[in-house]
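**Q** This is the structure, below, for whatever I ask next.
No value in this document is a laboratory result; all are computed from the given coordinates. In this text, all values refer to a predicted model and were calculated from it rather than measured experimentally. Glycine gets a Cβ as well: all are built from the backbone with ideal geometry, and neighbour counts include every protein chain shown.
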Ligand code: ADP
Ligand code: MG
């Protein structure tokens, strides 16, 4: 048995169990060993019966004096009753519906019992039990050498009782006991896992050996060792990510880009031509970018700014410099409709500049507002006749080649790495030449996350809103006020406005009782607003269909658009003034803030209504926070604190690494990992073992 052995090879793992474990992402022994508990319950102290009074979680060591099954009158229910005792007293133990226990345990057996003691009835109900000293029989391998020294309490290696018990995130049909049993079979493999971390890092930081850390994360010998194990494993996780980033960054250093001079006069002219004054934050960010462009080192920068903070114009200022230096700029968006909006927006911004601007998506190709054939467009790009190229993924297809491409900008976390950057430039050019790169996002990413994700990625933040923005009035709406809210919606629609309604899930079979979009759409369409036009959008629609619905809404074909969270990113419908969110408690604050940013894009006062039938105080408080807070960063920080990164940023699509044990709040370890990884890279100390480890490590899109 080794790390690559399938879990099915373990004792007592049948087909059903294997399928259930697969749901947790557990296929091999390695998956299992690296599936860490999220908390512990301490049952390590063994108590005497005479010392038990209150109702509490305890472990006792007892001898069985009597045990018997009893059938209950209710259908198919059974009860196992036992009388147990130690030198100091006796108590009763009850298990429900586990008649096999009476077969496993005989009178005279010595047991550990861990569980809740009921002080009033002097009994334990359903405790974990384990025979003293026999648990090792469950192990199919020879584990004798793993048998730990008897502890202070004089017992050996138990798995389910009389120790600190790990608690895992599980799925239906898998129990904590089962997990512990499976992991106990893997102890030998854990023991033999090779440690790839350089000796010097371990000794300097007093880290546990990897095998000891693994054994102690699942079967801690003490809470101190559990803590040390956690620290070592958190470090490993963050260190590998940081090392992979540091390595790619250093690889990137061998690449060069174009030095683009700052054209002060023309830049100023452009800025003066705008219908508004740039905010200080916008100026600062534009200046960051312009300075990067002047260097031969390829820019690798992220521009972060809340919805409506005015990122586009900052990009437009940068692009002017690229273009007037004789180079071209690409702006890529995740959807056709967003690309089209950027295209129209930039045409307006550049109306005095006489630039050649094109749009290129799967279905649309235009230059300066005129349709053009694909062949002609490709020809123009190859000859370098177009200044600004705006599009979707279509831009990075194989046959697109852009002469003198100097800058690539991607909006909203589009996956886009060095490879794609290279692919876009002329094929016969020098190999190590890549365009400058800028990504922009409205997702407020706290500093600790940026560090984890990107190492010390260059970051510019627009932390200021243009003046005169009407803030969006946000209200948590109680069920009794629903009809009133509908009246208000109707009055807004009468005035010509449009409404978004967001629901959390698609399926009517949704057991959680959360409103599904389809049901909600039908209800609003048939009952509440039969006279209005109501659109429907969800993630099961194809990309094209989604775009169609969005375009129809934009063109006022619908008064109301009912949607799942798919509308989250970037689209601008200035006429929409109400964002109504059902089951708001199901979303993170940062996400709610993104939804809210879909309204208030035009001249009209806008509103965000949060509905939730979860009346717990905590939920209410969390949602209420939205009423007063309009700062995306603050909301994101609060979310991180309350829910953790995976939930907040939906790890997969955001390109966030799936952290198993480390948290973004582990700032110290993050920094330590960064320092150590940089040191290794800079001094060429990356060992073959580390290289091997890195091959399986995913990092963020900036470096792929
Ligand atoms: P986002 O950062 O969400 O992409 P946009 O770039 O779309 O924001 O800008 C939102 C709106 O604000 C646009 O209509 C833009 O013209 C306007 N805007 C940008 N900067 C300013 C400013 N400094 N003053 C006033 N309006 C601005
Ligand atoms: Mg935008």
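**Q** In nm, to one decimal, how far is the modelled label at residue 65 from the one at residue 268, with both set 7 Å along Cα→Cβ?
**A** 9.8
**Q** Do me a favour and compute the ellipsoid semi-axes for the chain from its Cα gyration tensor, root of five times each eigenvalue, largest one first, whole Å.
**A** So the three semi-axes of the chain are 56, 34, 21 Å.
**Q** If we count other beta carbons within 10 Å of each Cβ, what is the order of 76, 469, fewest first?
**A** 76, 469
**Q** Let me ask another. Between residue 399 and residue 5, what length comes free when the chain is fully extended (0.36 nm per residue of separation minus the Cα-Cα distance, one decimal in nm)?
**A** Working it through step by step, the gained length comes to 137.5 nm.
**Q** Rounded to two decimals, what is the ratio between the C-alpha radius of gyration of the stretch 307-394 and 2.2 N^0.38 Å?
**A** On the way: Rg = 12.3 Å, N = 88, 2.2 N^0.38 = 12.1 Å.
Here the Cα radius of gyration is 1.02 times the empirical estimate.
**Q** Here's another thing I want to ask about it. Cut-off 17 Å, label point 7 angstrom out along Cα-to-Cβ of residue 51: give me the residues of the stretch 155-193 whose amide nitrogen falls inside.
**A** Flagged as within label range: 155, 162-164.
**Q** Within a 10 angstrom radius of the beta carbon, how do 240, 165, 483, 433 rank from fewest other beta carbons to most?
**A** So the residues, fewest neighbours to most, are 483, 433, 240, 165.
**Q** Could you grab the relative contact order for the stretch 564-616? Cα pairs under 8 Å, six or more apart, rounded to a whole percent.
**A** In percent, rounded to a whole number, it is 48.
**Q** If I take R0 = 45 Å and measure r between the Cβ atoms of residue 125 and residue 480 in this structure, what FRET efficiency does the formula 1/(1 + (r/R0)^6) give, to the nearest 0.05?
**A** 0.65
**Q** List the relative contact order of the chain as a percent without decimals, with contacts defined as Cα pairs under 8 Å and 6+ residues apart.
**A** Values: 1289 pairs, mean separation 82.6, N = 704.
Contact order relative to length: 12 percent.
**Q** Describe numerically, in nm with one decimal, the distance between label points set 7 Å from Cα along Cα→Cβ at residue 470 and at residue 191.
**A** 7.2
**Q** Stokes-Einstein diffusion coefficient for the stretch 31-142 at 10 °C in a medium of 1.306 mPa s, Rh from the Kirkwood formula over Cα pairs: what value in µm²/s? Mind dumping the intermediate values first?
**A** Details: Rh = 15.3 Å.
Answer from the Stokes-Einstein relation: 104 µm²/s.
**Q** Here is a follow-up. Calculate how many DSSP beta bridges within the chain are antiparallel, expressed in % of all such bridges and rounded to the nearest 5.
**A** The antiparallel proportion sits near 40 percent.
**Q** Oh, and also: In terms of the ratio Rg/(2.2 N^0.38 Å) built on C-alpha atoms, what value belongs to the stretch 473-629?
**A** My calculation over the Cα atoms of the stretch 473-629 gives 0.96.
**Q** Can you compute the modelled spin-label distance between residue 627 and residue 251, with each label point 7 Å from Cα toward Cβ, in nm?
**A** 5.2
**Q** Treating the stretch 264-462 as a set of equal point scatterers at the Cα positions, no solvent, please give the Debye-formula log₁₀ I(q)/I(0) at q = 0.14 Å⁻¹.
**A** Ignoring solvent entirely, the Cα scatterers give -0.78.
**Q** Would you list 309, 30 from fewest to most Cβ contacts within 10 Å?
**A** Lowest to highest Cβ neighbour count: 30, 309.
**Q** Please compute the length gained on full extension between residue 665 and residue 354, using 0.36 nm multiplied by the number of residues separating them and subtracting their Cα-Cα distance.
**A** Taking residue 665 through residue 354 to full extension adds about 107.1 nm, to one decimal.
**Q** Report the calculated FRET efficiency for residue 295 and residue 695 (r = Cβ-Cβ distance, R0 = 25 Å), to the nearest 0.05.
**A** It comes out at approximately 0.20.
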